[in-house]
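Trainee: Could you have a look at this structure, given as structure tokens, before my questions?
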Amino acid sequence: MDSLLSFHEELSDEEVKEQINGVFALLTGEGTAEERSAAGEARLKELLHRYPNSQALKFNAALSYDSFALFFPGAEEEKRLAWRSRKKKLMEELYRSGSGPYRQQCAMLLANLAILEGEPDRAESLLKELPEQCSDPTGIWVQLYLKQGKPLLLKKAMPSSTS
């Protein structure tokens, strides 16, 4: 039945790239800014509904919400907060899944969002969970310490993720 209806539970990396590029085409296409952003949002929602198990799609869709803010700098604050909320929801889903190639990246992005939202304890907790061999979170530690008013003696101040 799935084959007849061309249903696939998962998307290949190439298919994810094509789908996200299709969203960007809507964002930069014809129409008013409001029409283009609504079309892009609707397309992401439809893709996420159609492929709920695709971690790659969720991750790229979450990152796409940052692009909405870039493509539509005049968007109302309410709209910007909605985009950030959708990004955070997708990142949280991927992070809570506990596995997969996106968990560490989600932890760093969620830590960054926590700092922006005034939740330094959450940011610190997420950063401490990262293994030492993951991407370098130094920039996020700097933001956290600035927000907490701590000195920027990173070599001494940054806790080891294994402690």
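Trainee: Among the residues of the range 57-86, count how many are among the hydrophobic types (A, V, I, L, M, F, W, C) and out of contact with any Phe, Trp or Tyr (no Cβ under 8 Å at 6 or more places or on another chain).
Mentor: Matching residues across the range 57-86 total 8.
Trainee: Spot the failing condition for residue 90; the list is (1) modelled with pLDDT under 95; (2) touching a Lys or Arg at 6+ places or on another chain (Cβ under 9 Å), and only one is missed.
Mentor: (1)
Trainee: Take the range 33-68 and flag every residue that is exposed (fewer than 15 other Cβ atoms within 10 Å of the Cβ) and either more than 21 Å from residue 81 (Cβ to Cβ) or more than 12 Å from the chain's Cα centre (by Cα) (or both).
Mentor: Within the range 33-68, 33, 34, 35, 38, 42, 45, 46, 49, 50, 52, 53 meet the criteria.
Trainee: For the list (1) closer than 27 Å to residue 100 by Cβ; (2) at pLDDT below 95, I need the number of the one condition that residue 43 fails.
Mentor: So residue 43 meets the others, but not (2).
Trainee: Looking at the range 117-132, is at least one residue at pLDDT below 80, exposed (fewer than 12 other Cβ atoms within 10 Å of the Cβ) and not in a helix (DSSP H, G or I)?
Mentor: yes
The values are calculated or read from the model by the stated rules, or taken from the named source; none is laboratory data. Only a predicted model underlies this, so the values are computations on that prediction, with no experimental measurement involved. Positions of Cβ are backbone-derived with ideal geometry, glycine not excepted, and every protein chain shown enters the neighbour counts.
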